[in-house]
Every structure is written in C-alpha cells, then in structure tokens.
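Structure first, then comments.
What follows is calculated from the coordinates using simple rules that are stated; it is not laboratory data. In this text, all values refer to a predicted model and were calculated from it rather than measured experimentally. All Cβ positions, glycine included, derive from the backbone under ideal geometry; neighbour counts span all protein chains shown.
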C-alpha cells in the first residue's frame with residue numbers, strides 16, 4: 001500500500017489454515033512469526049525460510065505497485081530509474097516483480113548527487129536485508145551506490161495517494177487426495193491477473209494486465225515456479241500445519257438449529273438460526289418446494305462466540321399461508337450431509353388458534369340465535385296485536 005496511514009505498515013502478509021490465521025509478517029517487523037500456540041516457534045529453519053520468501057515478496061510488491069501506478073496513470077510520484085548511474089555509467093536495470101516491460105538499462109547521464117542524494121531511490125540488490133533510501137541526510141558511505149546490472153526501485157514513501165496491490169495464493173487438499181492451487185492479484189480492489197495451476201495459464205482481467213501476462217509467458221519460468229510453489233511447497237507446509245494443529249483444526253461442533261416465525265402486517269418472517277458450531281464456514285439456505293431462494297434470503301453473517309464457536313442466521317419473508325412450503329437447509333463440516341429444518345406451529349399456538357376458531361363459532365351461534373329469537377318474537381308480537389285489534 002502506498003499510503004497506509006499512521007501506524008500501519010506498508011506491506012502485510014497473513015497466513016491461514018482452514019480459515020484460521022496462524023502467522024503474519026509486515027514491513028515494520030520484517031519477520032514471519034506464528035501467532036497460535038499449536039505451532040512450534042523453535043522451528044527456526046522453517047520460519048527463517050518463510051521470512052526470506054516474505055521479504056522477497058515485499059520488494060516485488062514495491063516494484064509492482066510502482067509499475068501499476070504508472071500504467072493506470074495514477075503515479076503522482078517520480079519514477080525511480082528514469083535516469084541513473086554515477087559518472088555517466090548505467091546504474092541498473094529494470095526487471096522482476098510485475099513488470100510488463102523488457103529488461104533494459106537505465107538511462108545514464110545523471111550527475112552523482114542526483115543519484116546518491118535522491119531520497120526516493122533505494123539500494124540494491126533485491127536480497128538486501130532492508131530498504132535503504134539514498135537520502136541526502138545519510139552519510140555517503142551508508143547510502144551505497146547503484147550497482148551495475150542491479151535494479152533500482154522507488155521508495156514507497158515517494159508515492160502520493162493511496163493505492164493497494166493484493167495477492168492471494170494457497171492450496172487445498174481435497175477429500176480424494178488431489179491438490180488444488182491458486183494465485184491471484186488485485187490492484188486497488190479490482191481483479192488484475194490470476195494463475196491457474198492445473199492448466200498452467202494466466203487470466204488477465206484488463207488491458208494493463210495483458211502486459212504482465214505477456215511478460216510472465218515470455219519468461220517461461222513463472223508458471224513452472226508457481227506450480228512447484230503451490231503444488232509442492234504449499235502442500236508440504238499445509239500438511240505440517242495440519243499435523244501440529246490437528247487438535248484445533250479438526251475440531252468439529254455440530255450446529256444447534258432453531259427455526260422461528262413471526263407475523264406482522266400480513267407477512268410471516270421465518271428465521272433460521274444456527275448456534276455453537278465449529279469450524280467457522282457454514283451455509284444456511286432457505287428453500288421453497290426444494291428450490292433455493294437466495295434472492296429473497298437475508299443473511300446475518302457468521303459471528304464468534306466467547307467459547308470459540310460461531311453462530312449465524314438467515315431470514316426470509318413469506319406469505320403466512322405458505323409457511324409449510326419452506327425449509328431451512330444447513331451445510332457444515334460437522335454434518336455428514338445437509339440437514340433440513342421446518343417451522344412448526346407450537347402446541348400453545350395451536351390451542352390459541354383452536355380457541356379463536358371455537359370463539360368465532362360461538363359468536364356466530366349466538367348471533368344466529370338472536371336472529372331466530374327476534375324473528376320469532378316479532379311474529380308473536382304481530383299475532384298478539386292482531387288479536388287485540390279484533
């Protein structure tokens with residue numbers, strides 16, 4: 001992120017297993033660390049390897065974000081490397097990251113102070129342990145000189161405005177033992193490019209992303225590298241984490257489901273609530289005559305409980321006379337198959353309804369009796385008056 005705001009790192013990475021965060025990394029701390037008790041912190045070899053990859057990814061992101069800002073006409077800052085070198089020599093090369101351009105030498109000819117004193121240029125090579133801008137306030141020896149054939153990059157602080165580059169990659173071990181991997185990028189919240197491991201192909205979301213696609217395809221190594229990363233390295237790490245966290249990750253708590261109904265203004269609102277389930281992912285659907293009613297359903301989200309379980313709900317408005325046509329379907333990892341639940345009239349409600357019907361019948365009977373009585377009374381009175389008249 002080019003402008004994360006006060007107190008927020010410019011680069012952040014978080015690792016998840018089955019939706020549960022297990023480790024993180026950011027540009028302030030620059031070390032991958034586990035954040036759960038069930039992962040061993042003493043496995044330094046593993047965490048050091050993950051830290052090295054995270055640092056490399058951080059630098060790639062800075063380069064890629066600068067390139068994307070330019071090509072989306074959102075830069076607002078100066079492109080590092082537009083000129084470079086000391087004493088007229090080439091100072092480095094463009095390349096790596098999300099670049100869609102061919103690697104080419106930087107234009108020579110800048111005076112040494114313009115290079116060594118520029119606050120927006122960072123030292124190279126890419127595997128340097130930390131970014132070190134060529135700030136004039138730093139001693140000359142600490143600034144470092146641009147190394148020939150090594151890339152320069154813009155310091156993140158030189159960018160104006162807030163822009164974000166995101167990446168999501170991971171792997172799934174399916175029930176049949178097969179493996180699925182994915183690698184996806186987004187810029188400013190919009191899809192940019194994705195890598196499909198099974199087909200070894202890239203999908204570009206727009207014209208700018210086509211440049212990245214052509215670059216990666218021409219290199220010929222990105223697809224193979226990420227197929228190995230997703231299909232081998234990621235899977236090995238996933239198995240490692242599952243083994244360490246099996247007591248937590250394989251925990252299963254069946255949802256307790258209640259269906260309730262409330263009528264108001266001629267509309268019956270049916271509510272399906274699932275309580276005390278684990279793990280977090282769950283699907284609650286309302287169905288009418290066996291057909292899912294997604295458009296008419298309102299979901300309340302998945303909310304954590306104090307004991308580590310979750311609760312969720314889904315509601316739907318239906319005509320009061322059609323309540324028996326609706327069912328709530330719940331799908332969860334703790335259930336062998338989908339479970340179905342229906343709203344049923346409570347016994348006391350049945351008694352109330354029956355009492356109301358009896359009351360109505362009684363009222364009708366009383367009214368009918370009054371009508372008959374008045375009719376008979378009127379006839380007798382007429383006859384009596386007739387007799388008096390005679």
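Based only on the alpha carbon positions, what is the Kirkwood hydrodynamic radius of region 225-307, in angstrom?
16.6
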Seminar exercise, completed: Distance in nm between residue 31 and residue 252 label points, each 7 Å along Cα→Cβ, equals 3.9
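What FRET efficiency do you get for residue 338 and residue 45 if R0 is 45 Å and r is their Cβ-Cβ distance, rounded to the nearest 0.05?
Plugging the Cβ-Cβ distance into 1/(1 + (r/R0)^6) gives 0.55.
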Seminar exercise, completed: Check: C-alpha center region 193-258 vs C-alpha center region 5-79, spacing in Å is 16
For this session: Report the dimensions of region 165-249 along its three principal axes from the alpha-carbon atoms, largest first, rounded to Å.
Result: 47, 27, 19
Exercise. Roughly how compact is region 162-317, stated as its Cα Rg over 2.2 N^0.38 Å to two decimals?
Worked result: 1.43
Exercise. Taking the mean number of other Cβ atoms within 10 Å as a proxy for protection, how do you rank 288-298, 17-27 from highest to lowest?
Worked result: 17-27, 288-298
For this session: Can you grab the distance from the C-alpha centre of region 269-290 to the C-alpha centre of region 316-339, Å, no decimals?
Result: 7
For this session: Could you tell me what fraction of 2.2 N^0.38 Å the Cα radius of gyration of region 263-328 comes to, as a two-decimal ratio?
Result: 1.22
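Can you tell me how much longer the chain between residue 292 and residue 207 gets when fully stretched, taken as 0.36 nm per residue apart minus their C-alpha distance, in nm with one decimal?
26.9 nm
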Seminar exercise, completed: To the nearest 0.05, the calculated FRET efficiency linking residue 265 and residue 70 through their beta-carbon distance, R0 being 51 Å, is 0.35
